[in-house]
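Participant: Structure incoming, see below.
The values are calculated or read from the model by the stated rules, or taken from the named source; none is laboratory data. Just so it is clear, the structure is predicted and the values come from calculations on it, not from any experiment. Reconstructed Cβ throughout: ideal geometry from the backbone, glycine too, with neighbour counts over all protein chains shown.
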Amino acid sequence: MGLLFRKWLDLPVLLLANVVVDIEVLVISWLNLGWPRHRYTHTLLLGAAAGIALGLAAFPFRRLFARLMNLARIPYNPRLWKMLLSGILGAWLHVAIDAIYHFDVRLLWPVKGKPLYGLLTHRQIKLACVAFFVAALIPYIFAVRAYLKNRSGGGNLTGRQGTGKS
């Protein structure tokens, strides 16, 4: 998704947002709190808040992300609004998948319903994740080709597009 829509999304933040929501799961597990593992960040409401916080926190690191994207040979043009949107969508994507997979995810909290749980089997979800990963290789190949074309066609030496300023 991030590669296909990189005009509107920030790939590093989109990926990190998928990890950030699980910090709560790790803390609950490590501290042995006895709570359901998927609590507040595994909701659309607070998942969005976590995504926004991540987008704001990531903005000062945009030059580091640009270097990492340069290593991956992917053109990168960071903007604050893209980082905020990517934080929200990354968290929501993670939460939506977990809402199908895990019984304790309350997607619509404070509402108690679990409308997505059991929509697909665990096996179907795992197969879909593998299929999407393989499908992501196609836009990655095109992104690398665009990066290399930009570099050889008189683009700047870093391979980055833009300055990273919003």
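Participant: Which condition breaks for Tyr40 when tested against (1) touching a residue at least 24 places away in the same chain (Cβ under 8 Å); (2) more than 19 Å from Ile97 (Cβ to Cβ)?
Facilitator: Here Tyr40 meets the rest and fails (2).
Participant: For residues that are within 30 Å of Pro115 (Cα to Cα) and surrounded by 21 or more Cβ atoms within 10 Å (Cβ to Cβ), tally how many sit in the range 43-71.
Facilitator: Looking only at the range 43-71, we keep the residues that are within 30 Å of Pro115 (Cα to Cα), and these are 43-55.
Filter again for surrounded by 21 or more Cβ atoms within 10 Å (Cβ to Cβ), leaving 43, 47, 50-51, 54-55.
Qualifying residue count for the region: 6.
Participant: Which ones in the range 92-145 are of a type in the set (Lys, Arg) and more than 18 Å from the chain's Cα centre (by Cα)?
Facilitator: Arg106, Lys112, Lys114, Arg123, Arg145
Participant: Is there any pair linking a residue in the range 7-33 that is under 16 Å from Ala48 (Cα atoms) and touching a residue at least 24 places away in the same chain (Cβ under 8 Å) to one that is among the β-branched types (Val, Ile, Thr) and part of a loop (DSSP other than H, G, I, E, B), with Cβ under 7 Å and at least six apart or on different chains, and which?
Facilitator: Qualifying pairs under 7 Å: Val21/Thr41.
Participant: Moving on. So, in the range 93-110, of the ones that are outside any helix (DSSP H, G or I) and not aliphatic (A, V, I, L, M), which residue ends up farthest from Phe142 (Cα to Cα)?
Facilitator: Taking the candidates together, the pick is Pro110.
Every residue, every condition in (1) surrounded by fewer than 17 Cβ atoms within 10 Å (Cβ to Cβ); (2) among the charged types (D, E, K, R), yes or no:
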{"residue": "Phe5", "(1), (2)": "yes, no"}
{"residue": "Trp35", "(1), (2)": "yes, no"}
{"residue": "Thr41", "(1), (2)": "no, no"}
{"residue": "Arg73", "(1), (2)": "yes, yes"}
{"residue": "Gly90", "(1), (2)": "no, no"}
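Participant: Which condition number in (1) part of a loop (DSSP other than H, G, I, E, B); (2) at pLDDT 95 or above is the one that Gly113 fails?
Facilitator: (2)
Participant: Could you check how many residues of the range 80-99 are modelled with pLDDT under 95 and among the charged types (D, E, K, R)?
Facilitator: 1
Participant: On the given criteria, is Ala96 touching a residue at least 12 places away in the same chain (Cβ under 8 Å), surrounded by 14 or more Cβ atoms within 10 Å (Cβ to Cβ) and under 19 Å from Ala48 (Cβ atoms)? Reasoning before the result, please.
Facilitator: Working: touching a residue at least 12 places away in the same chain (Cβ under 8 Å): yes; surrounded by 14 or more Cβ atoms within 10 Å (Cβ to Cβ): yes; under 19 Å from Ala48 (Cβ atoms): yes.
Yes, satisfied.
Participant: So, one more: Answer with yes or no whether Leu116 is over 19 Å from Ala57 (Cα atoms), touching a residue at least 60 places away in the same chain (Cβ under 8 Å) and surrounded by 15 or more Cβ atoms within 10 Å (Cβ to Cβ). Steps first, please.
Facilitator: On the way: over 19 Å from Ala57 (Cα atoms): yes; touching a residue at least 60 places away in the same chain (Cβ under 8 Å): no; surrounded by 15 or more Cβ atoms within 10 Å (Cβ to Cβ): yes.
Taking the combined requirement at face value, the residue does not satisfy it.
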